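Scroll down for the structure; my scribbles are underneath it.
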Amino acid sequence: MKKTDVGVVAFMYAICIWFALMNQNLPEDAQIYPKFMIIILACLSTLYLIKILLAAKKEGITNGFTELFKGFLPKQFFPALGMTFGYLVLLFLIGFYPATAIFMVAVLAFLKIKPVTIAITTAAILLLVFVTFNVVLRVTLISGLIPDLLF
């Protein structure tokens, strides 16, 4: 077991708690799917915690921090981080669907994925999100500042 594994589990539990608190602001009907996902994430985190505790009992505890950034590629990380911040700005300005399409195409192209794969992946994710949120859950996603001002 590595000490960093405990940090990962703690981080995942913090995300579960944060999402659970945010989920309470949604309408009652829209809370079902997020609750389900939060429970799955918490259960998987608990299973991972059990696994690392059993490993600690057998093998002991190692530092893990020396391996944390092994193989770190700043030429990939920082541009992807910049694109993520750009995505957040685009979400606010133009809305979820166009921002997500632009973000996915930009990141996948940056990672040198084939154009056909980029098109299929982007279309599939957008369709999956549309069906899940708009059709099944009937939740409206972010429309953006500019479309709100124009329409």
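Worth pointing out:
- Subset tally (residues that are more than 20 Å from residue 93 (Cβ to Cβ) and either in contact (Cβ under 8 Å) with a residue 60 or more places away in the chain or open to solvent by 60 Å² or more (accessible area, probe 1.4 Å) (or both)) for segment 134-151: 5
- Residue 121 passes every criterion in (1) out of contact with any Phe, Trp or Tyr (no Cβ under 9 Å at 6 or more places or on another chain); (2) open to solvent by 80 Å² or more (accessible area, probe 1.4 Å); (3) more than 24 Å from residue 30 (Cα to Cα); (4) of a type outside the set (D, E, K, R) apart from (2).
- Cβ pairs under 7 Å, 6+ apart, first in segment 47-60 and modelled with pLDDT of 90 or more, second surrounded by 11 or more Cβ atoms within 10 Å (Cβ to Cβ) and β-branched (Val, Ile, Thr): 48/9; 49/9
- Tallying residues that are closer than 19 Å to residue 45 by Cβ and surrounded by fewer than 15 Cβ atoms within 10 Å (Cβ to Cβ) within segment 14-34 yields 6.
- Selection within segment 110-131: residues that are in contact with a helix residue (DSSP H, G or I) (Cβ under 7 Å, 6 or more places away or on another chain) and touching a residue at least 24 places away in the same chain (Cβ under 8 Å). The member of this set that is farthest from residue 36 (Cα to Cα) is 110.
- Checking residue 69 against (1) modelled with pLDDT under 90; (2) surrounded by 11 or more Cβ atoms within 10 Å (Cβ to Cβ), the condition it does not meet: (2)
- So residue 80, is it modelled with pLDDT under 95, of a type outside the set (Lys, Arg), open to solvent by less than 70 Å² (accessible area, probe 1.4 Å) and over 29 Å from residue 34 (Cβ atoms): no
- Output for segment 1-30, where each listed residue is assigned to a helix (DSSP H, G or I), farther than 30 Å from residue 54 by Cα and either in contact (Cβ under 8 Å) with a residue 24 or more places away in the chain or of a type in the set (A, V, I, L, M, F, W, C) (or both): 21, 22, 29, 30
- Only one of the numbered conditions (1) open to solvent by less than 40 Å² (accessible area, probe 1.4 Å); (2) within 21 Å of residue 139 (Cα to Cα); (3) touching a helix residue (DSSP H, G or I) at 6+ places or on another chain (Cβ under 7 Å) is violated by residue 45, and that is (2).
The values are calculated or read from the model by the stated rules, or taken from the named source; none is laboratory data. It should be emphasised that the depicted structure is a prediction, and the values quoted were computed from it without experimental measurement. Cβ: placed from backbone, ideal geometry, glycine included. Neighbour counts: every protein chain shown. To get the accessible areas, we keep the full protein, side chains included, count just its heavy atoms, and leave off ligands, DNA and RNA. Shrake-Rupley method; radii C 1.70, N 1.55, O 1.52, S 1.80 Å.
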